[in-house]
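The values are calculated or read from the model by the stated rules, or taken from the named source; none is laboratory data. Note that the structure is predicted; figures quoted are calculated from it, not measured. All Cβ positions, even for glycine, are placed from backbone atoms using ideal geometry, and neighbour counts span all protein chains on display. Heavy atoms of the whole protein, side chains included, go into the accessibility calculation; ligands, DNA and RNA do not. Shrake-Rupley method; radii C 1.70, N 1.55, O 1.52, S 1.80 Å.
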Amino acid sequence: MISSATINVEIINVFYKNNAIDSIIATESFKGYDEASDCGGNCFGEGEYQIFFGDDANEVQRTSLKKPIIILDGFDPGDTRKIDNGSGSIVDLIDNQGNEANMNEFKKAGFDVVILNFPNYPIRTENKSVFNPTTNQYVTISTDIYRDGGADYIERNANVLKALITKLNGKLVTNGSTEKLKIIGPSMGGLISRVALTQMEQANQNHNTDIWVSFDSPHLGANIPVGLQYFFNYMELDQVEMLKTPAARQMLLTQVVEQTYTTRNTFNNLLNTLGFPSNTTRNLALVNGSINGTRQGAPKTTMLDVDVKIVKTILGSLGRYKIKTFATHDGGRHKIFERYKRALFFKNTHAAYLIDNTGKGSLDNSPGGTYDMKNEFESFLGTELPLTNSNAGIAVNSYLNVTDQPARWLVDAIVQLILLRTNSSIYLDIKQGSPAFIPTKSSLAFSGSNKLWHENIGNRDLVCTNETPFDNYFAPIENEPHITLNSKNIAWILKEFNGITPNPTVYFPNNLTINGDVTIYFNKTNAYTINIPSCSATTTWAVSSGLQIISQSNNTINVAPISSTFTGAGYITATINGVTNELFKSVWIGTPPNNNTLAIKKIAGYEIYSQQWTKLKASFPVPSVLLIDSNIQAPFTFEWNVPKVISKQT
């Protein structure tokens, strides 16, 4: 079974990959905000790219660039995500961890996928003289110093993308192709491509790009739970180094390591100055966060829970160490971290608080593309959570990087023996394992007046209301893992790439109705309206045989009786793309029947106060024509409010 799976993966890769990885170096330099003038040795960014050729019209794979899509990598400290090295690679990410065949879908559609990665690369060499006592001489040791391209300044990586764009456009000219580039920027890649395209436009450089897709990108900032950040920093764990990288400091909305937010504010000012690409034909947003306000987890509740008890007795443990981190609240001052430690009768506590007066609600629990924090901890520990005495030995083996099986058994046995003989216990668990990483509003660059992260924005077309700068967007109802490319959103992308324009994601309310009077007199034109939350939705109106349409639009129809002699029941219908059920409005056409069966009676009123109101009700009998295609049948009942002073005079 395992061998077959491996063979299948290799066959697919060989089928569409026939170009080696090539390097690309920026032609423009960039100096980081806090870097020396020489940028630590090199101010020019570097990248690597690989082309996966698509099929021609005869379904034969091409060998030259004709129809390119650039997909660039996002935030990847340490360059752990290579272009195409199996599980966890960029190709694997595009294929949704093997759950989809998206690379093959691009290939069948004739697109050449160009994947751009930002690897670690050397920027200088440091020489150090060391005395060798065996030779009684000094020896020079040379060490290459590398830059972490996957977490470098976004602007420097944008310069790399500019160089690739220029190079690919040259290849298109050489190959006689008139196609334009299409760019998909996942996560931080959306910011890199946004900066690259807008800067090229401002420099009057032709990027030759018609469609730009921002894929769950943090235009308003990203989130790693601040309580968890505090835990990393307080415990001096390796993860804090990731928080210190330039890209992390540029994107994170809440920060522990740089509480002045200098890097974040500088970069945000740049984005506000640049705006969005304007020489593209279509700017699209692909979102992984819920569009209808579905929150991820619950505010204030525990996220990380650590509890270590040392030498438990009937009177309690001789020592205890506890740590808890908490999800952010919906506002005000609230605890995000607490630590308790005790040895015998001596104890010490420590807590950290966050003050949030933004009025936006909990960032950790906002709708958004999620971050699998539980999986990160399990990968680090080498075992599933919760961590207890039963699997503590596995975690120790993982931490010590013990690979020899007999040695692993020995380490596990020693750990179990120590815990048993000392009557001690270990507990570690993640209570909210998938907090929001890229809030939905951030990925849409939302500009509406409502500040709440968890506002339901799926009830209207944000393009119509000018609450997003994008020309179109696709978002799910439920929150999805960050950078999930599935069958639904890949189909949406391919439609756009092939010139088909689907509507933005709008979920119409269940109570959508046709509004207007229930009666239409022969000498009157009535207006009927629908409150459609989308300017891109199309309405098809229809009326019964006794009515005629005077004018119509997507939201309004004006109708009148077809003649002065027609009397009876009628209807108005509306069919809206995106709404499953047809909307139906029952109406009465003409005047009530003249057969002395019209009944009018008083059904409500007040005491004798001038200008107060009395309510009258008129009931018509069942007409000979029932309402077509409706559960509502005649008779009709009408009610009027009449000033009491008038009713006295009548």
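Structure data summary
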{"item": "For segment 254-325: accessible area per residue (Å², 1.4 Å)", "result": "45 Å²"}
{"item": "Spin-label pair K167/Q416, simplified geometry with 7 Å Cα→Cβ offset, distance in nm", "result": "5.4 nm"}
{"item": "Protection proxy ranking of 168-175, 482-489, 213-220 - average other beta-carbon atoms within 10 Å, highest first", "result": "213-220, 482-489, 168-175"}
{"item": "Protection proxy ranking of 344-354, 180-190, 542-552, 285-295 - average other beta-carbon atoms within 10 Å, highest first", "result": "180-190, 285-295, 542-552, 344-354"}
{"item": "Separation between Cα centres of segment 415-457 and segment 203-247, rounded to whole Å", "result": "17 Å"}
{"item": "Percent of Cα pairs exceeding the 45 Å cut-off, where the set is the chain", "result": "40 percent"}
{"item": "Total formal charge among the other residues, if their Cβ is under 12 angstrom from that of N397, Lys/Arg +1 and Asp/Glu -1", "result": "-1"}
{"item": "Overall form of segment 450-562 per C-alpha gyration tensor (a/c, 1.5; a/b vs b/c)", "result": "prolate"}
{"item": "Kirkwood Rh, angstrom, segment 214-364 [1 / mean 1/r, Cα pairs]", "result": "18.1 Å"}
{"item": "Rounded if a/c under 1.5, otherwise prolate or oblate - segment 291-410, Cα gyration tensor axes", "result": "oblate"}
{"item": "Of K322/K451; K360/K495; K244/K451; K82/K360, those spanning more than 32 Å from alpha-carbon to alpha-carbon", "result": "K322/K451; K360/K495; K82/K360"}
{"item": "L315 paired with D372, simple spin-label distance in nm, labels 7 Å along Cα-to-beta-carbon", "result": "4.8 nm"}
{"item": "Computed lengthening from F131 to C464, 0.36 nm per intervening residue step minus Cα-Cα distance", "result": "112.7 nm"}
{"item": "Rounded to 5, percent antiparallel among DSSP beta bridges of segment 50-209", "result": "65 percent"}
{"item": "Beta bridge orientation in the chain: antiparallel %, DSSP, nearest 5", "result": "80 percent"}
{"item": "Fraction of alpha-carbon pairs over 24 Å apart in segment 37-129 - percent", "result": "35 percent"}
{"item": "Under 13 Å, Cβ to Cβ, from G32 - net charge with Lys/Arg +1 and Asp/Glu -1", "result": "-1"}
{"item": "Neighbourhood charge, 13 Å Cβ-Cβ cut-off, centred on S424 and excluding it, Lys, Arg +1 and Asp, Glu -1", "result": "+3"}
{"item": "Stretch gain in nm, segment D22-T388, where the contour uses 0.36 nm per residue and the Cα spacing is subtracted", "result": "127.1 nm"}
{"item": "Label point distance in nm, T349-K244, each placed 7 Å from Cα along Cα→Cβ", "result": "3.2 nm"}
